[in-house]
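Student: So that we are looking at the same thing, I have put the structure below in C-alpha cells.
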Amino acid sequence: MSEEKLLKVSELTIHYHTVEGIIKAVRNISLEVNVGDSLCIVGESGSGKSTLGLAISLSLPKNAVVVSGSILYKGRDLLKLKTSEVGRYRGKEISMIFQDPATTFNPLFTIGEHLTDILRHHFGMSREEALERAVELLKMVRLPDQARILHAYPHELSGGMLQRAAIAAALSTNPKILIADEPTTMLDVTTQAQILDLINSLKRELNLTLILITHNLGIAGEVCSRTAVMYAGTLLEEGPTEDIILNPLHPYTAKLIKAVPIITKTQGRLSHIPGVLPDLRNPPKGCPFVDRCELATPECSASQPEYFRVGGVRRVACILYGGEHE
Amino acid sequence: MRSLLEINELTKYFPVKTGLFGRVVGYVRAVDGVSFKISEGAVFALVGESGSGKTTILRCVLRLTEPTSGEILIEGRNVTQLRGKDLKWFRRNVQAVFQNPYLSLNPRMKVKDLIAEPLKTHTNVSKNEVYRKVAEVLALVGLPEIVANQYPPNLSGGQAQRVAIARALSIEPKLLLLDEPTSALDVSVQAQILNLLVELKEKLGLTYLLVTHDLSVVRYMSDYIAVMYLGKIMEIGTAEEIFSEPKHPYTLALLSSVPELNPQAKKLKKKIILPGEPPSPMNPPSGCRLSNRCPYATKECVTEEPKLTKITETHYVRCLRHEDLSSLITREA
Ligand SMILES: Nc1ncnc2c1ncn2[C@@H]1O[C@H](COP(=O)(O)OP(=O)(O)OP(=O)(O)O)[C@@H](O)[C@H]1O
Ligand code: SF4
Ligand SMILES: [Mg+2]
C-alpha cells in the first residue's frame, strides 16, 4: 500500500452556539491519516473527540460552526463541498458508527430493509442483489443466522448484535474510512472484547482506515497503531500507541495513564489529577492543562504551545519539549 | 471474624407475563441460590455482566425487592423481617451509593440540605449540630465549603458522586453498598473516587459490598470477589485467588477481556473470547450455565449442573472441568 495522505485535517476549530454561550469544542487541531492507518483519538468526556469525528464524517449538528481550518480528503476540502456533493462523501467515502448502535437504525424498519435500502440507493442494485449482498455483509461481521437477522427489528437484537449490524451497515458502501465513536462503551466486557476483535479482523481483511474514538487507553492499545490524545478541545500529543502508553510525553497523558486502575495493581493509591477541566466557553489562552500542571511555568499561560517533534514519529504540544520545532 | 452480612441460598425469580391477560408464562431466575458472607471491615465485590443478578442481590439487601426464598442476615438479624427499632437500626446502618449521582440526588435541593436530610431523619442531633456535621462530612469527602450552597446539576460528575458518598456516610453506617460507583465517571475522576472510598473505609472502619462489571476496579479495592453469571456464583475467592489462580472459564474470559494497558503484558496474556452473548435468564442452558458458550465444554457440561466445589478454605468454583482447566490452557498457549 502506498503511503498517500488519505485525510489531512488542518488547524480545525469548531464552536457550538448554545444558550449558555459559545462552546469552543475543537481548537486548532491538525492531524493526518494514511491509507490503512488506525488512529485512536483518546480523551476524557467533553474533550471534543466526538465533535472532531462528526466534522470528519460531515455530520456536525446544526448549532456547530466551523470557525476555521480544513479537512482534506484525497486533496479535496470537505468543508467546501457543495450541498449536492455531500452525499458522495458522507456515509460513502467516510462512514461512522456510534456508542449506541440504535442511532444507526430506524426502529420501524428491519435490519434487512435498512441494509438493502442503502445498497439499492448507493449502488442501484436490484432487490435480489441487495439481499444477497446484505447476507454477505452480515456474514462479514460474524452474525450467525443471517436470514433471521434480516427480518429482525433493531430492538429484537442484543446490544452486541446490533453493533455488529451497525458495522455491517457502515461498511455496506465500501467506505475508505470508518470512524467508530466509543463503539463498545455501552456493551458488557466480554461483548466488548468480541467487537474489538471483529474491528481488528475487519481492519486487516479490508485494509480499512480506522479512526477509533475512546476514553479508554487500554482499547487504544488493543486496536490502534497510532494515538492522538485530546484535552479540552485541543490535541496534546500524537504518536505510536505503544510509545504513548509506555512513555507518555505530555504531562497530562502521563497523569492520565497513572490514574488508570490496572488489573495487576493490588494496593496503594491510584494517582489522580487534581483540579477540574477548564470551562470550554472560556478556555485558558495558553496550554489548556496549565491550571492542573505541576510543571507549568509563566510561559505556559502566554499562548497555546506549538507542536514539537520528538524522535521523528511523535509530536507534543508542551513547552518542555521546546527546541525541535515541527 | 464475625460476619456483618450473611446471605444464604438467596433466590429471586421475576414472573414473566403475557401482554394481554397478564398470564405468567415463565420466570426469570435473576438470582438462583446465592450464598456468601462479608465480615466486618471487608470489601466484598460482586462481579458480572448485565443480567448476572448482581444488582438484584443488592436490591434485596436494601429491601427494595423481596427475595423469593433464602435469607439475608445483617448482624444475625433477618433483613426481610425487620420491624420497629431493628428496622430503624437497619436504615441507619445500611447505606448505598449508585452509579449515577445526578439521578440519586434531588436536583432542587442544596448540597448541604441533601447531606443534612439523613441526619435529620435518622438521628436526633440538634439543628446547629446538623450543619456542623454537614461541614465535617464535606471536608471528609474532599469537597470545598462553597459546594454546600450549590445544587447538584451545577456540580461535576466527580463532585456529585462525592456528595452522594457524603450523604451516605453522614449518619455513620456500618455497611455501604456501592453499585458501579465509578462507571459513569472519567478516568481521572474515577481514580479520585476510588482513592476516597479506600481512604474512608480505613478511616471509618466501613464494610463495603461493591457491585461492578469492571474487574480492574475490583482488584484494587476488594478482599473477596464473587464472579456471577446468569444468577449464579461461578467462582468465589479472595482477590488474590481470583486474579492469580482463576479456575472458572468464565472468570478467565472476564479477566482476558479487560483491555490491557501495558503492551508487554498484553503479549503474554492469552485472550479467551467467549462466542455469543449471555442467554436470557428466562431459559438458561441446561447443565452448566456457561455450557453453550464455554470453549472447554464437554457432553457432561450440557447435562450435569456443576456444584460449587471447594478448592481452598476461601476459594470455590462451579465447573466440572476445573481440574483440567489449567493444563488445557497451558497446552493452548
Ligand atoms: N450539539 C451540541 N451543542 C452544544 N454543545 C455541544 C454539542 N455537542 C457537544 N457539545 C459540547 O462540546 C464539547 C465537546 O463535546 P464532545 O461531545 O465533542 O466531547 P467528547 O470528547 O466526545 O466527550 P464524551 O467522552 O463525553 O463523548 C463539550 O463541552 C460538549 O458539552
Ligand atoms: S505547556 Fe506548560 S502547562 Fe502545559 S503541559 Fe507543558 S509544562 Fe504543563
Ligand atoms: Mg463523545
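Student: Tell me, what is the 1.4 Å probe accessible area of A:Glu20, in Å² to the nearest 10?
Tutor: 130 Å²
Student: Does any residue of the range A:190-231 lose at least 30 Å² of accessible area with all protein chains in place compared with its chain alone, and if so which ones (probe 1.4 Å)?
Tutor: A:Thr190, A:Ala193, A:Gln194, A:His215, A:Gly218, A:Glu222
Student: Here's something else I'd like to know. Can you sort A:Lys82, A:Lys62 by solvent-accessible area, 1.4 Å probe, largest first? Each step should come with its number before you reach the end.
Tutor: Numbers: A:Lys82 130, A:Lys62 205 Å².
Correct descending sequence by accessible area is A:Lys62, A:Lys82.
Student: With a 1.4 Å probe and all protein chains kept in place, how much accessible area does B:Ser280 have, in Å² rounded to the nearest 10?
Tutor: 60 Å²
Student: Among A:Cys224, A:Cys293, A:Cys40, determine the one that fluctuates most according to a GNM of chain A built with springs between C-alpha atoms less than 10 Å apart.
Tutor: A:Cys293
Student: Once label points are set 7 Å from the Cα along Cα→Cβ at both A:Val313 and B:Asn8, what is their separation, rounded to one decimal in nm?
Tutor: Going from the A:Val313 label point to the B:Asn8 one covers 6.2 nm.
Student: I'd like the FRET efficiency for B:Thr123 and B:Val16, computed as 1/(1 + (r/R0)^6) with the beta carbon distance as r and R0 of 45 Å, rounded to 0.05. Numbers along the way, then the final one.
Tutor: Numbers: r = 43 Å, r/R0 = 0.95.
The pair B:Thr123/B:Val16 has a calculated efficiency of 0.60.
Student: Under a 1.4 angstrom probe, counting protein chains only, how are B:Phe14, B:Phe44 ranked by accessible area, largest first? Walk me through the intermediate numbers first.
Tutor: Working: B:Phe14 80, B:Phe44 5 Å².
Accessible-area ranking of B:Phe14, B:Phe44, largest first: B:Phe14, B:Phe44.
Student: Looking at chain A, do any whole DSSP H helices span at least 24 angstrom along their long axis by alpha carbon and average -0.5 or above on Kyte-Doolittle, and which?
Tutor: Once both thresholds are applied, what remains is A:189-206.
Student: Round to the nearest 10 and give me the degree value, 0 to 90, for the angle of helix B:322-332's Cα axis relative to the longest principal axis of chain B.
Tutor: Rounded to the nearest ten degrees, it is 80.
Student: Considering only A:Thr13, A:Thr83, A:Thr241, give the residue with the highest GNM mean-square fluctuation for chain A, with springs between Cα atoms whenever their separation is below 10 Å.
Tutor: Ranking A:Thr13, A:Thr83, A:Thr241 by mean-square fluctuation puts A:Thr83 first.
Student: Now a separate question. Divide by every residue of the protein assembly as shown the summed helix terms, -39500 (n - 2.57) for each DSSP H run of at least 4, and state the resulting mean residue ellipticity at 222 nm, rounded to the nearest 500 deg cm²/dmol.
Tutor: After summing the helix terms and dividing by the residues of the protein assembly as shown, the value is -10000 deg cm²/dmol.
Student: Turning to a different aspect of this structure: Rounded to the nearest whole Å², what accessible area per residue is found for the range A:1-79 with the 1.4 Å probe? Write out the running numbers ahead of the final one.
Tutor: Working: 3280 Å² over 79 residues.
On a per-residue basis, 41 Å².
Student: Remind me, relative contact order of the range A:55-117 in percent, using alpha carbon pairs under 8 angstrom and six or more residues apart? Before the final figure, lay out the partial values.
Tutor: Values: 24 pairs, mean separation 18.9, N = 63.
Relative contact order here is 30 percent.
Student: Looking only at A:Pro61, A:Pro261, A:Pro305, which one moves most when chain A is put into a Gaussian network model with springs between Cα atoms under 10 Å?
Tutor: A:Pro261
Student: If you don't mind, another one. How large a share of the accessible area of the range A:105-238, in percent, is made up of carbon and sulfur atoms when the probe is 1.4 Å and the other protein chains stay in place?
Tutor: Working: 2510 of 4870 Å².
Its accessible area is 52 percent carbon and sulfur atoms.
Student: Hey, another quick one. For chain B, take the longest principal axis of its alpha carbons; what is the angle in degrees between that and the long axis of helix B:127-140, to the nearest 10 within 0 to 90?
Tutor: 50 degrees
Student: Follow-up question, since we're still on this one. So what J values fall out for the range A:173-182 if you push phi through Karplus, 6.51 cos²θ - 1.76 cosθ + 1.60 with θ = phi - 60°, rounded to Hz, Gly and Pro as x?
Tutor: Each residue of the range A:173-182 in turn: 8, 6, x, 7, 10, 10, 9, 10, 9, 6 Hz.
Student: Taking a probe of 1.4 Å and counting only protein heavy atoms, give the total accessible area buried between chains A and B in Å², rounded to the nearest 100. Kindly include the intermediate steps, with their values, before the conclusion.
Tutor: Values: alone 15880 and 16600 Å², together 28910 Å².
Summing both sides, the interface buries roughly 3600 Å².
Student: Here is a follow-up. Compute the angle between helix B:84-93 and the longest alpha-carbon principal axis of chain B, please, reported from 0 to 90 degrees and rounded to the nearest 10.
Tutor: Tilt of helix B:84-93: around 80 degrees.
Student: Mind running the shape call on the protein assembly as shown? Use the C-alpha gyration tensor, a ≥ b ≥ c as the square roots of the eigenvalues: rounded below 1.5 for a/c, prolate if a/b tops b/c, oblate otherwise.
Tutor: Working: a/c = 1.72, a/b = 1.21, b/c = 1.42.
Oblate, since a/c reaches 1.5 and b/c is not below a/b.
Student: Is there a quick way to get the dipole size of the protein assembly as shown? I mean about its Cα centre, with the Cβ of Lys and Arg at +1 and of Asp and Glu at -1; what is the value in debye to the nearest 20?
Tutor: Computed about the Cα centre, the dipole is about 1160 debye.
Student: A further question on this structure: Roughly how much of B:Leu103 is accessible, in Å² to the nearest 10, using a 1.4 Å probe?
Tutor: So the heavy atoms of B:Leu103 present about 150 Å² to solvent.
Student: Describe numerically, in nm with one decimal, the distance between label points set 7 Å from Cα along Cα→Cβ at B:Asn106 and at B:Glu305.
Tutor: 4.5 nm
Student: Hey, another quick one. What accessible area per residue, rounded to a whole number of Å², is obtained for the range A:179-326 using a probe radius of 1.4 Å?
Tutor: On the way: 5860 Å² over 148 residues.
Here the per-residue accessible area is 40 Å².
Student: 7 Å from Cα along Cα→Cβ at both B:Ser244 and B:Val24: what's the point-to-point distance in nm?
Tutor: About 4.7 nm, to one decimal.
Student: Identify, among A:Ala180, B:Pro144, B:Thr298, the residue whose Cα sits farthest towards the positive end of the charge dipole of the protein assembly as shown, taking +1 on the Cβ of Lys and Arg and -1 on the Cβ of Asp and Glu, with the dipole about the Cα centre.
Tutor: So the residue furthest toward the plus end is B:Pro144.
Student: Further question on the same structure: Report, in listed order, any pair from A:Lys258/A:Lys285; B:Lys37/B:Lys201; B:Lys12/B:Lys88; A:Lys49/A:Lys258; B:Lys120/B:Lys174; A:Lys62/B:Lys110 with a Cα-Cα distance greater than 23 Å. Each step should come with its number before you reach the end.
Tutor: Details: A:Lys258/A:Lys285 27 Å; B:Lys37/B:Lys201 18 Å; B:Lys12/B:Lys88 25 Å; A:Lys49/A:Lys258 21 Å; B:Lys120/B:Lys174 18 Å; A:Lys62/B:Lys110 35 Å.
From the list (A:Lys258/A:Lys285; B:Lys37/B:Lys201; B:Lys12/B:Lys88; A:Lys49/A:Lys258; B:Lys120/B:Lys174; A:Lys62/B:Lys110), the Cα-Cα distance tops 23 Å for A:Lys258/A:Lys285; B:Lys12/B:Lys88; A:Lys62/B:Lys110.
Student: Considering only protein heavy atoms, with the full assembly of protein chains and a 1.4 angstrom probe, order A:His121, B:His315, B:His122, A:His114 by accessible area, largest first.
Tutor: Working: A:His121 145, B:His315 5, B:His122 60, A:His114 40 Å².
Putting A:His121, B:His315, B:His122, A:His114 in descending order of accessible area: A:His121, B:His122, A:His114, B:His315.
The values are calculated or read from the model by the stated rules, or taken from the named source; none is laboratory data. No experiment lies behind these values; they were computed from the predicted model shown. Glycine also receives a Cβ, built like all others from the backbone with ideal geometry; neighbour counts cover every protein chain displayed. Protein only, heavy atoms only, side chains kept; ligands, DNA and RNA dropped before computing areas. Shrake-Rupley method; radii C 1.70, N 1.55, O 1.52, S 1.80 Å.
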